[in-house]
1. Ordered by residue, what ³J(HN,Hα) values in Hz, to whole numbers, does the range 115-122 give under the Karplus form 6.51 cos²θ - 1.76 cosθ + 1.60, where θ = phi - 60° and Gly and Pro are x?
2. Considering Cα pairs under 8 angstrom that are at least six residues apart, work out the relative contact order of the range 41-139 and quote it in whole percent.
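All of the numbers you see were taken from the coordinates with simple rules; none came from a lab. Predicted model only: the values in this text are computed from it and were never measured.
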Amino acid sequence: MSFGGYVPSTFAVTLYDKPIQWVHKLKYLGCFIHHSCSVDYGNNMQKFYGSFNNILSVLGHKRNEISVVYLVKTYCIPSLLYGREIWSLNSLDYHKLNVIWNNAFRRIFQCCWRESVSCLLYYCKVLPMSYIIDQRKLLFLKKICTSDNTVLQSFSIVLKYCQNTLSIIYDLIVMT
């Protein structure tokens, strides 16, 4: 893969004397990275919707909504957010993920198609998707800072200045 779009025609990469093809996208941590350095999360979204639709079809129409919320949090969210701790997301990415999460709640409760679902999130004790992503990032950084691995300890030296801030933010998130 060549970042920036230029593929040198005279340069051949080989592995065990076999040429490796140049590609326009690369799959890493369940996401496709394009040669323009953009990340495509479509595969993760498909996995989310596939798991979500399976849960709804198995439970049928007379389902307990709280059980569905629990199952979606347990099985669907990990497939959607796999590897997101290390990606930098822009506001459009956050918006897309919030729309997916909000529409899932609208479909579970069969309501609020024109209104906000924040009241449903509140009463189900569930965070909005943007908060879930930020919480996962903070927990990931905290694990790096407190790891026993020597390689991660070298990273934690760089991140050491933010450890107090992380612990304060983490405590605030856990308390809410």
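1. Rounded to whole hertz, the list is 10, 6, 9, 4, 5, 5, 4, 5.
2. Values: 57 pairs, mean separation 30.7, N = 99.
Once normalised by length, the contact order is 31 percent.
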